Amino acid sequence: MIALPTPARTISALVRGYFPRVLQIRGWVCALLVVLPVLLSFVLASILRMQQLSFGSQEALIVFHKVLAQLALPILVLVAAPAGIREDMEQRTLPLVLSRPAPTWILPFGKGLLWYGWGALWIVIAVGGMAGLGTEMASLPFMAAALLAAFWAELSFMTFLSLVFKRGTLWGALYLLIWDPLVRIMPGNLQRLTFIHYIESIAGSRGSSVGTSQLLAQEQITTPWYLAILVLFLFGVLCWAASGWKLQQTPIGLAGAEAEG
Amino acid sequence: MTATVSLERASLRYGDILGLSPTTFELPDGGGITGLLGPNGAGKSTLIQLLSGLLPPSGGEVRVFGQVPFRNPAVLSRIGLVPEGDRFPVGLRGHHWLRMMGELSGLSGSHLNAAMASALTAVGMEVNGKKLFSEMSKGMRQRMRLGQALLHDPEFLILDEPFNGMDPESRLQLMELLRQQALAGRRILVSSHILGEVAQLTDRILLLFRGRLLAEGSVAEIRELLDRHPVELRIGAESAQAVARWAVEHDELVALRMEESGAVLAVRNPRSFLPKLQEAVLSGALPLSSLDPIDLNLDAVFQFLTKDHA
């Protein structure tokens with residue numbers, strides 16, 4: 001008699017089973033998305049310094065907030081999330097997994113965890129590289145924590161959207177690339193409905209980046225950094241749980257929702 | 001008698017489309033092969049998805065090993081599914097994927113290694129199983145799908161059109177493998193739209209058409225049912241009248257149509273009629289120049305049966 005696989009063994013099987021996928025094109029695109037901006041900034045900083053121009057902690061902060069947090073991270077999420085459970089649905093291989101006695105509700109998290117781990121590795125490397133741009137060493141752990149927590153929350157959010165909506169990636173892209181940057185003009189507590197608010201609460205204020213030309217800019221509210229990490233973590237857990245519940249409840253046949261003889 | 005599978009007025013709708021009408025049948029416990037026969041679109045895959053726990057019924061009840069199969073690990077651990085279609089996980093190697101499927105079935109350590117070796121040997125993929133799926137032929141991928149279904153030693157094996165895309169030698173090997181599995185005590189359900197394929201494997205057939213279970217019985221009973229369908233034969237001859245004169249003397253003739261270069265005969269029970277035709281040609285009683293069966297395809301037979309059972 002074979003023992004039914006536990007959630008932990010299911011996660012372990014999925015992570016190891018799909019590991020070769022992160023070493024293929026999509027995985028390297030994910031790596032480049034976070035490492036390349038830091039590498040290019042490093043080159044730029046070197047050129048500027050050779051010409052006796054300054055590239056210090058203020059510029060490094062702009063690279064972090066404007067490039068890594070607001071651009072590279074959302075794109076990383078948009079590239080990595082479809083490689084999770086959505087990939088099995090699109091390749092129609094999910095029924096092969098669903099016909100196994102493993103717990104269904106853990107599948108979205110199991111597949112997502114592999115991509116979270118892969119993305120997190122390159123985020124840590126990229127943030128480590130920020131030291132070469134002149135970022136204060138004391139800020140690096142907060143920057144890394146901000147991106148890792150946001151990546152966790154955004155990836156799970158995208159996974160959930162992809163299970164709820166047929167065009168989940170599109171809705172996710174709209175949220176991350178249109179709604180989130182509007183944080184600058186959002187009044188009060190509405191800012192808490194963006195990921196950027198929490199990233200900035202953990203990694204440092206955006207206050208200095210608001211100029212007089214930004215007429216609609218609202219006063220920035222802040223959340224204590226430890227609460228911000230907790231909120232992102234719990235939001236991620238909630239989205240993974242909701243994704244698992246959705247998959248458990250949704251009948252997925254050999255041809256998706258299509259009728260098939 | 002207990003049943004591996006029992007359906008009690010089980011039906012399935014895809015929105016407004018009826019995939020399977022209320023259907024009732026049982027598959028008994030113990031080893032044996034049952035054929036699920038029907039033309040494309042008959043509801044075979046729908047029925048298979050109900051049995052393998054991928055979809056819940058819209059109405060009625062489906063039980064496998066006495067339990068509801070949908071999202072039920074206790075049932076799924078006893079089922080092996082080989083779905084139709086050439087779907088495979090892109091970017092993975094066969095044996096790597098097989099290991100994951102084994103782990104998702106609860107196998108680990110030496111048990112898993114032994115099960116993988118046994119499954120790969122059973123489907124003849126010991127060497128080619130290490131290839132990427134994209135490097136495998138369609139037949140190899142079909143073997144891998146069969147291998148993953150055998151991996152956890154299931155008691156009930158479900159195969160959806162497993163012979164599609166296979167070369168004749170591979171078909172024979174698969175048939176032999178399925179016979180061995182049945183002898184080892186496995187209950188096997190094989191779907192096909194080709195009666196000849198199913199008939200080589202089993203003497204028990206479920207006949208599906210347009211989402212309805214039309215008949216259930218032995219191959220002989222199903223063949224007898226199919227024989228009641230008038231088959232049209234176009235007989236080419238210099239003298240159509242001679243063909244007609246010969247044909248009207250036989251009870252099997254249902255209809256006769258004269259053509260310029262011969263006649264079209266509609267006959268029942270072609271298995272008794274064709275030997276008579278052969279004898280007449282050999283003895284020179286029938287000046288035949290060509291013989292062309294017009295509607296021997298399964299769809300035409302099923303159309304006839306549906307009217308007959310209305």
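Could you tell me whether the range A:109-129 includes any residue that is over 29 Å from A:Leu40 (Cβ atoms) and aromatic (Phe, Trp, Tyr)? The answer is yes; a qualifying residue exists.
Determine, yes or no, whether B:Ser272 is modelled with pLDDT under 85 and among the hydroxyl-bearing types (Ser, Thr, Tyr).
On the way: modelled with pLDDT under 85: yes; among the hydroxyl-bearing types (Ser, Thr, Tyr): yes.
So B:Ser272 passes the test.
Listed conditions (1) surrounded by fewer than 23 Cβ atoms within 10 Å (Cβ to Cβ); (2) within 14 Å of another protein chain (Cβ to nearest Cβ) are all met by A:Trp115, apart from (1). For the range B:106-119, state whether one or more residues are within 26 Å of A:Pro251 (Cβ to Cβ) and at pLDDT below 95. Within the range B:106-119 (the criterion being within 26 Å of A:Pro251 (Cβ to Cβ) and at pLDDT below 95), the answer is yes, since at least one residue qualifies. Scanning the range A:78-127 for residues that are in a helix (DSSP H, G or I) and either in contact with an Asp or Glu (Cβ under 7 Å, 6 or more places away or on another chain) or polar (S, T, N, Q) (or both) turns up A:Leu94, A:Val97, A:Thr104. How many of the residues in the range B:146-166 are at pLDDT 90 or above and not aliphatic (A, V, I, L, M)? Summing the residues that are at pLDDT 90 or above and not aliphatic (A, V, I, L, M) in the range B:146-166 gives 8. Restricting the range B:56-78 to residues that are open to solvent by less than 10 Å² (accessible area, probe 1.4 Å) and touching a helix residue (DSSP H, G or I) at 6+ places or on another chain (Cβ under 9 Å), which is nearest to the other protein chains (Cβ to nearest Cβ)? Here the residue is B:Leu76. A single member of A:Leu133, A:Leu107, A:Leu94 is aliphatic (A, V, I, L, M) and away from every other protein chain (no Cβ under 14 Å), and it is A:Leu133. So, in the range A:32-60, of the ones that are out of contact with any Ser or Thr (no Cβ under 6 Å at 6 or more places or on another chain) and surrounded by 19 or more Cβ atoms within 10 Å (Cβ to Cβ), which residue ends up farthest from the other protein chains (Cβ to nearest Cβ)? Checked the range A:32-60; the qualifying residue farthest from the other protein chains (Cβ to nearest Cβ) is A:Ala45. Within the range B:24-45, the set of residues being more than 14 Å from chain A (Cβ to nearest Cβ) and assigned to a loop (DSSP other than H, G, I, E, B) comprises B:Asp29, B:Gly30, B:Gly31. Residues in the range B:14-23 that are more than 9 Å from chain A (Cβ to nearest Cβ) and touching a residue at least 40 places away in the same chain (Cβ under 8 Å): B:Leu20, B:Ser21, B:Thr23. All of (1) in contact with a Gly (Cβ under 6 Å, 6 or more places away or on another chain); (2) away from every other protein chain (no Cβ under 12 Å) hold for B:Met100 with one exception: (2). Restricting attention to the range A:3-27, the residues being facing chain B (nearest Cβ under 7 Å), of a type in the set (S, T, N, Q) and in a helix (DSSP H, G or I) number 1.
Residue by residue through the range A:136-145, note down the ones that are open to solvent by 10 Å² or more (accessible area, probe 1.4 Å) and either in a helix (DSSP H, G or I) or touching a Gly at 6+ places or on another chain (Cβ under 9 Å) (or both).
The answer is A:Met137, A:Ala138, A:Ser139, A:Leu140, A:Pro141, A:Phe142, A:Ala144, A:Ala145.
Of the set (1) open to solvent by 20 Å² or more (accessible area, probe 1.4 Å); (2) assigned to a loop (DSSP other than H, G, I, E, B), all apply to B:Phe163 but (1). Inspection of the range B:181-200 identifies no residue that is among the hydroxyl-bearing types (Ser, Thr, Tyr), open to solvent by 10 Å² or more (accessible area, probe 1.4 Å) and within 13 Å of the chain's Cα centre (by Cα).
Please determine whether any residue of the range B:33-55 is open to solvent by 30 Å² or more (accessible area, probe 1.4 Å) and closer than 29 Å to B:Ser11 by Cβ.
yes
Checked against the criterion of being away from chain A (no Cβ under 14 Å), open to solvent by 10 Å² or more (accessible area, probe 1.4 Å) and hydrophobic (A, V, I, L, M, F, W, C), the candidates B:Leu132, B:Leu172, B:Leu150, B:Leu178 yield just one match: B:Leu172.
When restricted to residues that are within 14 Å of chain A (Cβ to nearest Cβ) and more than 17 Å from the chain's Cα centre (by Cα), the range B:153-169 contains 3.
Could you check the range A:196-233 and list, in sequence order, the residues that are closer than 16 Å to A:Phe64 by Cβ and at pLDDT 85 or above? Result: A:Ile196, A:His197, A:Tyr198, A:Ile199, A:Glu200, A:Ser201, A:Ile202, A:Ala203, A:Trp225, A:Ala228.
Residue-level check: of (1) facing chain A (nearest Cβ under 7 Å); (2) open to solvent by less than 50 Å² (accessible area, probe 1.4 Å); (3) assigned to a loop (DSSP other than H, G, I, E, B); (4) out of contact with any His (no Cβ under 7 Å at 6 or more places or on another chain), B:Leu81 misses just (3).
The values are calculated or read from the model by the stated rules, or taken from the named source; none is laboratory data. Keep in mind the model is a prediction, meaning the values are calculated, not measured. Cβ coordinates were reconstructed from backbone atoms using ideal geometry, including for glycine residues, and neighbour counts include every protein chain displayed. To get the accessible areas, we keep the full protein, side chains included, count just its heavy atoms, and leave off ligands, DNA and RNA. Shrake-Rupley method; radii C 1.70, N 1.55, O 1.52, S 1.80 Å.
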